[in-house]
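Below: the structure, in structure tokens.
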Amino acid sequence: MIDSQAAEKISRMKKLRRTLSESFSRIALKKEDTSFDEICVTKMSTRNCQGMDSVIKPLDTIPEDKKVRVQRTQSSFDPFEKPTNQVKRVHSENNACINFKTSSAGKESPKVRRHSSPSSPTSPKFGKADSYEKLEKLGEGSYATVYKGKSKVNGKLVALKVIRLQEEEGTPFTAIREASLLKGLKHANIVLLHDIIHTKETLTLVFEYVHTDLCQYMDKHPGGLHPENVKLFLFQLLRGLSYIHQRYILHRDLKPQNLLISDTGELKLADFGLARAKSVPSHTYSNEVVTLWYRPPDVLLGSTEYSTCLDMWGVGCIFVEMIQGVAAFPGMKDIQDQLERIFLVLGTPNEDTWPGVHSLPHFKPERFTQYSPKNLRQAWNKLSYVNHAEDLASKLLQCFPKSRLSAQAALSHEYFSDLPPRLWELTDMSSIFTVPNVRLQPETGESIRVFGKNNSYGKGVSNSKH
Amino acid sequence: MVTSAGGGASPRRRGRGGGGCPRPPAKRRRAKATAGTAAGAAPAAALDGPLELQAFRDYGESWYRSRKGLESRFQPREPLARQPQVTAEARCRLVSWLIPVHRHFGLSFEALCLAVNILDRFLATTPVAADCFQLLGVTALLIACKQVEVHPPRVKELLALCCDAFTRQQLCNLECIVLHKLQFSLAAPTVSFFLEHFTQVRMAARGGDAAEARDARSLARGVAELSLADYAFTKYAPSLLAAGALGLADRLLRHRAPLDLRLSGYPERLLRACMGELQLLVSLNGESLPHVLPPGISERCPQLPAAPTALSPTAHASGKDGIGLRLPLS
């Protein structure tokens with residue numbers, strides 16, 4: 001079958017084979033051939049640094065050659081300077097960037113910035129920063145500062161997440177992940193990324209402005225939120241999560257601070273700095289990602305095999321916190337303390353309740369007090385005030401990760417059965433508040449209303465699937 | 001032997017440090033050591049874990065649909081067509097170099113695939129001078145790693161691998177340019193994803209042979225790795241390439257229950273063409289392929305030469321005559 005293939009194909013392939021074998025032989029040889037120690041990868045690099053314009057030397061002749069060349073390279077060779085006409089176009093752009101980067105332009109001084117790259121028409125159009133007016137500071141994170149901002153074009157409010165660029169390692173990975181993942185996500189319950197502005201010292205992500213977050217909202221309304229609002233928030237959280245989980249993305253850092261709440265009650269998942277595509281083998285997951293309070297026991301016990309169920313534990317914690325008004329597992333000290341708090345309610349796991357728990361790196365049965373599992377309402381009494389709330393919480397707060405409900409499954413839980421059926425038919429970009437009779441209830445501080453007395457959905461209730 | 005081809009063996013550790021290629025810091029070598037002898041070995045256990053299967057049952061189908069839906073958006077279109085200086089040979093050499101480099105750092109196959117995708121898509125947008133080409137290669141690798149690896153290589157290490165021909169500033173600037181040109185669209189679907197997906201489908205199916213599925217995946221990953229370096233394969237969508245590589249792997253390993261390629265959704269004609277080209281690629285790289293496979297796979301593959309012992313003189317020889325290329329410039 002291959003015999004019939006054209007001879008030219010073979011010759012093309014042969015070229016490929018040569019280079020491929022070259023690189024493989026390089027690896028294969030290193031062990032024996034001492035000269036390979038220093039050239040294992042240099043050979044390729046020598047050629048690429050400057051060898052593109054020269055005949056490639058036989059493998060065994062390159063080493064001597066290389067040393068000289070490399071030295072020359074280091075002293076005088078500037079890959080961005082080459083007087084070939086054809087290359088100029090390429091370089092003008094690169095140089096523009098270099099000049100730009102080394103110039104003293106600050107992001108607040110568009111004048112200087114414009115000054116820095118006037119000559120090159122192809123230069124990246126950095127510096128749209130002046131299309132937004134920076135207002136007050138909203139918060140400070142580990143790698144970014146968030147400001148309120150205003151678009152000079154349409155007057156809309158935005159959130160400007162200003163990320164400092166490190167000299168050492170270039171653009172921070174958190175910024176790259178957040179920008180690249182959010183770019184592909186268009187959903188009513190995911191914060192919308194409007195724009196990315198790259199300047200000399202900073203990278204600014206321009207988000208839609210959402211006026212508060214769940215953490216602040218709960219601080220403002222202590223003692224547990226209105227049960228109907230809890231339901232709407234949880235529904236939106238699950239909707240957003242289901243959307244990203246279906247797209248092969250984990251959030252990995254769920255906590256109330258990362259759930260933005262608009263004045264109409266829209267909830268939006270934000271802060272994707274630690275999120276990542278689920279495509280990478282789990283052995284590369286760091287187990288330091290989730291804030292301790294919302295971190296699942298399997299991760300606390302050192303498991304590195306985690307998946308979408310990682311986020312679902314956090315959902316359970318947030319659900320309880322919204323209803324009860326206090327964090328579900330507010331660990332005070334360390335991982336051990338965090339685990340004790342979890343086991344106190346859910347029972348200390350064993351091989352029967354959690355197959356494989358004994359083989360987790362940090363599971364030492366003697367280190368944990370033996371607790372038996374309790375009803376969740378014993379720990380969080382307000383769960384019992386709302387139909388099916390305790391059941392849903394217990395299906396999310398499963399120590400054994402495999403038993404945890406998925407976001408999609410949770411959306412079909414009975415707890416939500418009194419919501420209007422149209423909520424399940426919305427398109428991705430439609431807010432739940434486009435459905436008639438779905439609206440946020442005023443919070444009344446301490447009030448916990450007994451379920452059933454509330455007719456906030458009016459007709460919606462009678463139409464519902466219940 | 002395969003040990004010489006990568007993993008735990010000591011080649012890089014013996015580097016003199018002072019020369020062009022300082023050795024990597026200890027931290028990263030740990031990852032490499034656990035990565036086993038070949039690229040394919042490491043993630044297998046984790047990806048086949050019960051959680052993974054569970055998540056796959058819940059979401060596998062929608063992951064596949066969403067990734068497949070993104071393919072055409074991320075497919076580089078004739079990346080070299082408008083390049084004044086960069087040639088297919090140069091690209092081949094660059095990627096052939098990135099392959100051992102990614103292994104050197106213990107990086108995932110996913111990161112390598114993303115790096116090549118970033119490279120190609122950038123080439124499609126911007127003319128690149130030949131002397132910046134290697135810088136572009138490591139920059140693409142750095143960006144890919146920041147996207148998917150927990151411990152991306154340090155800029156300093158990458159610069160050292162280029163014999164310090166470039167400065168930190170140049171790399172960081174190029175990083176900005178690449179990110180800007182690609183507008184931060186980096187989450188490309190990769191052949192690595194589709195290899196995993198088809199393998200999971202196969203393992204989840206009733207009567208599926210898990211051992212065969214794993215072996216086919218290992219061999220297919222090696223084949224796909226080769227194909228990354230060949231410009232001719234940039235025309236194939238990653239899902240097609242993955243299906244073709246698995247089909248070929250099943251054939252080479254004479255599996256009793258090969259993957260049903262119809263599940264890829266491609267017409268047989270396309271699959272055949274892709275498999276034919278891959279088979280040709282494999283037959284041309286017969287000596288080097290075993291180096292990237294986990295132990296035991298190539299022995300089961302009658303059409304591949306047995307894994308070479310210790311030194312692999314054949315590979316060496318073929319390296320020697322791979323010289324007579326002249327790269328056209330200007």
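The values are calculated or read from the model by the stated rules, or taken from the named source; none is laboratory data. From a predicted model like this one, the values you see are computed outputs, not experimental measurements. Quick reminder, even Gly has a Cβ in these numbers, built from the backbone with ideal geometry, and neighbours come from all protein chains shown. What goes into the accessible areas is simple: the full protein's heavy atoms, side chains included, and nothing from ligands, DNA or RNA. Shrake-Rupley method; radii C 1.70, N 1.55, O 1.52, S 1.80 Å.
Table for the structure above
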| read-out | value |
| --- | --- |
| Test: A:Asp195 is within 14 Å of chain B (Cβ to nearest Cβ) and of a type in the set (D, E, K, R) | yes |
| Residue satisfying all of: in segment B:150-164; open to solvent by 10 Å² or more (accessible area, probe 1.4 Å) and without any contact (Cβ under 8 Å) to a residue 60 or more places away in the chain; farthest from the other protein chains (Cβ to nearest Cβ) among these | B:Leu159 |
| Flag for B:Ser283 being hydroxyl-bearing (Ser, Thr, Tyr), assigned by TED's automatic domain parsing to the domain that holds B:Gly60 and at pLDDT 90 or above | no |
| Total residues in segment B:241-260, condition without any contact (Cβ under 8 Å) to a residue 40 or more places away in the chain and over 15 Å from B:Val191 (Cβ atoms) | 3 |
| Breaking point among (1) more than 19 Å from B:Gln75 (Cα to Cα); (2) facing another protein chain (nearest Cβ under 7 Å), for B:Val138 | (2) |
| Complete set of residues in segment A:158-174 that are of a type outside the set (S, T, N, Q) and at the interface with chain B (Cβ under 9 Å from one of its Cβ atoms) | A:Leu165, A:Glu167, A:Glu168, A:Glu169, A:Gly170, A:Pro172, A:Phe173 |
| Helices (runs of 4 or more DSSP H) completely within segment A:358-462 that count 1 or more residues being more than 14 Å from chain B (Cβ to nearest Cβ) and either open to solvent by 60 Å² or more (accessible area, probe 1.4 Å) or at pLDDT 95 or above (or both) | A:376-379, A:389-396 |
| Candidate set: segment B:226-257, residues that are out of contact with any Pro (no Cβ under 6 Å at 6 or more places or on another chain) and of a type in the set (D, E, K, R); chosen: the one least open to solvent (accessible area, probe 1.4 Å) | B:Asp230 |
| Residues satisfying the stated conditions in segment A:329-357, i.e. among the charged types (D, E, K, R) and not in a loop (DSSP other than H, G, I, E, B) | A:Asp337, A:Glu340, A:Arg341 |
| Filter result for B:Phe198 (of a type in the set (Phe, Trp, Tyr), away from chain A (no Cβ under 11 Å) and touching a residue at least 12 places away in the same chain (Cβ under 8 Å)) | yes |
| Breaking point among (1) open to solvent by 30 Å² or more (accessible area, probe 1.4 Å); (2) not assigned by TED's automatic domain parsing to the domain that holds A:Asp253, for A:Lys220 | (2) |
| Candidate set: segment B:166-225, residues that are in a loop (DSSP other than H, G, I, E, B) and among the β-branched types (Val, Ile, Thr); chosen: the one surrounded by the fewest Cβ atoms within 10 Å (Cβ to Cβ) | B:Thr167 |
| Selection count where residues are away from every other protein chain (no Cβ under 14 Å) and β-branched (Val, Ile, Thr), scope segment A:299-338 | 6 |
| Sole exception among (1) over 17 Å from B:Arg77 (Cα atoms); (2) part of a helix (DSSP H, G or I); (3) open to solvent by 10 Å² or more (accessible area, probe 1.4 Å) for B:Arg121, by number | (1) |
| Residue under evaluation B:Arg82, criteria (1) at pLDDT below 95; (2) open to solvent by less than 30 Å² (accessible area, probe 1.4 Å); (3) not assigned by TED's automatic domain parsing to the domain that holds B:Asp230, criterion not met | (2) |
| Wholly within segment A:153-233, strands (runs of 3 or more DSSP E) carrying at least 1 residues that are free of Cβ contacts under 8 Å to residues at least 24 places away in the same chain | A:193-198 |
| Breaking point among (1) closer than 29 Å to B:Lys235 by Cα; (2) free of Cβ contacts under 8 Å to residues at least 60 places away in the same chain, for B:Ala205 | (1) |
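Table: residues versus (1) modelled with pLDDT under 90; (2) of a type outside the set (Val, Ile, Thr); (3) more than 17 Å from the chain's Cα centre (by Cα).
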residue	(1), (2), (3)
A:Ile197	no, no, yes
A:Thr212	no, no, yes
A:Val230	no, no, yes
A:Leu238	no, yes, no
A:Gln246	no, yes, no
A:Lys255	no, yes, no
A:Lys268	no, yes, no
A:Ser279	yes, yes, no
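For every residue, the table says whether it meets (1) part of a loop (DSSP other than H, G, I, E, B); (2) more than 8 Å from chain A (Cβ to nearest Cβ); (3) in contact with a strand residue (DSSP E or B) (Cβ under 8 Å, 6 or more places away or on another chain).
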{"position": "B:Arg57", "(1), (2), (3)": "no, yes, no"}
{"position": "B:Trp63", "(1), (2), (3)": "no, no, no"}
{"position": "B:Ser72", "(1), (2), (3)": "no, yes, no"}
{"position": "B:Glu89", "(1), (2), (3)": "no, no, no"}
{"position": "B:Val101", "(1), (2), (3)": "no, no, no"}
{"position": "B:Leu107", "(1), (2), (3)": "yes, yes, no"}
{"position": "B:Cys113", "(1), (2), (3)": "no, yes, no"}
{"position": "B:Asn117", "(1), (2), (3)": "no, yes, no"}
